[in-house]
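Peer 1: Below you will find the structure I want to go over with you.
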Amino acid sequence: MIVLRELDLPSNNFNSIIPDWLYSLSRLEFLDLSVNKFHGTISSAIGNLTSIIDLNLAFNNIQDRLPKSMGKLCNLRIIDFSGFKLEVLEVTELLSRCISDGLEALRLEGNQISGQLADVIDRLGEFKHLTSLSLANNSFSGSIPESLGRLASLKQLQLNSNELTGALPVSLGRLTMLEELRLSGNELDGVLSEDHFENLTRLSIIDVSGNPMVIFSLSIYATTACLKNYPYLYRIVQSCTELIGADLGENELFGSIPNWMGEKLPKLKVLNLRSNRFSDHIPFALCALAYLQILDLTYNNLSGTIPKCFNNFSIMATDLSLSNNVFYTIFFLDTFEEEVLLVMKGKMLEYSTTLHLVAYLDLSDNHLSGDIPSELTSLLGLRSLNLSRNQLSGKIPKEIGKMKLLESIDLSVNELSGEIPQTMSSLTFLSFLNLSHNNMSGRIPSSPPLQSFNGSSFVGNHLCEPPLDENCGMSGELPSVRNVVEDADGLEVDWFYVTIALGFVAGFWDRCGPLLFNKGWRFVYFDFLDRIGHKLWSC
């Protein structure tokens, strides 16, 4: 046991004090007892672990103060004491010893620590090699001090869910190595400017949402902001060339979608521009985003045709469930902590841990026209395709049957014509389909999965056969096409039924009208009925 160098016992149900024998492992370098039920205190004998490099006691029931003997652990590089109660004085005392020479990561999340954040940050300024600092989910108060800029090696900073106030220090802009910044859930205010972000070119994850900042708030992996009057913020996003996701949805952004989104953000995997006022065509520059797996441009004023070069989205052409891409396992599973809202299968759904499996394209509620390009069908990994409420015409490409992973298709409220491709019968994963309100005609394919949908998926066309009630004639078309028009209030009027009702009224008055206005005819008619009734009664 005296030569043991690594002991990993996380996520068990150990329910005791930390055993004394463990403190005698003087050559132990890595110790992980996290997520257990260890209780009591940390013995001062922990000072015997002079070889320890990585110490993780997070999320146990450890109480009382940290022993001063921890200051002897000069080889410590990583400390994780998250999840048990600490005081700010303990933290500053712990950090005042030789630990500062080599510490690389300090995680004190959810420790109920209160007091001024500046007291800790000022002390940490001596830690020249610190790359990761997490003080999230505590009760730190006050402002973020200018001394933060002294942590020049910092790559990850998590101060979210505290009680911090004031403006962000300009010294934040000196953290040129920073890759992840989380400041959400505080009371930070003031103005964000280029001075804060212009030099942070390595940033890939930013979250300052849930603060009363008066200009904009950056969301989990890029920006979601009211940027209408602040065009310089576009330049901030441009400078973050390492961004892997940009969420600019639900703003008042207008004009053309800028070309630099495709030219300067080559690693983008998620691009959300929904619910803005973008106009003009979809720029071909977006086709350079080979790693894109989620593109949401719905609810804008985009016009023109769908770019054929969308087939350059190589990730969308891949079955992500079989992918070995390291990004999905590292970023989405280990780093991603927020939900993304996507309209899938006709509903707004939240995706978080399964987001790495989703390939999604939504261009709905725009003014796009022209054909659906056959090149789109090369996106074999696509799970959801929504082109509804545009002005698309032509036929559905017959190659759509190759997109065998599709679970949701919405092509409704367009001007599509022709028949439903028989190849759609091979889309065995399809669980949502809406082809309603187009100009399509002919028989609905009788094979599954199309027959599993109800008639609402096909109404407003000239289609026939189940699940609709209309039967096809010998030619495979409806025997008669009903004249349906839309009045000024947007209500549909079916003149087929109107003419039936008018015919009934006309026939009724043709036979019964003379009896009402001619007395002689009434006597003759009712005398005839009496004689017929008498004969029947006699029988």
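Peer 1: Assuming R0 = 30 Å, what is the FRET efficiency of Asn259 and Gln391, from their Cβ-Cβ distance, to the nearest 0.05?
Peer 2: 0.75
Peer 1: Using θ = phi - 60° and the Karplus relation 6.51 cos²θ - 1.76 cosθ + 1.60, list the HN-Hα couplings for segment 258-273 in order, rounded to whole Hz, with x at every Gly or Pro.
Peer 2: x, 5, 5, 4, x, 8, 10, 10, x, 9, 4, 10, 10, 10, 10, 10
Peer 1: Over 30 Å between C-alpha atoms is what I'm after, so list which of Lys155/Lys264; Lys37/Lys267; Lys37/Lys68; Lys37/Lys128 land there.
Peer 2: Going by Cα-Cα distance, Lys37/Lys267; Lys37/Lys128 fall outside the 30 Å limit.
Peer 1: Which order do the peptides 115-121, 277-283 take when ranked by the mean count of other beta-carbon atoms within 10 Å per residue, highest first?
Peer 2: Listed from highest to lowest mean packing, they are 115-121, 277-283.
Peer 1: With label points built 7 Å along Cα→Cβ from the Cα atoms of Asp195 and Asn301, find their separation and express it in nm.
Peer 2: 3.6
Peer 1: Another one. Going by amide H atoms built from the backbone, whose H comes under 5 Å of the H on Glu407, apart from near neighbours?
Peer 2: Counting only residues 5 or more places away or on other chains, the set is Ser384.
Peer 1: Taking 2.2 N^0.38 Å as the expected size of a compact globular protein, what ratio does the Cα radius of gyration of segment 252-323 give against it, to two decimals?
Peer 2: Cα-based Rg divided by the globular estimate yields 1.11.
Here, each number is a calculation from the coordinates, and none is a lab measurement. From a predicted model like this one, the values you see are computed outputs, not experimental measurements. Positions of Cβ are backbone-derived with ideal geometry, glycine not excepted, and every protein chain shown enters the neighbour counts.
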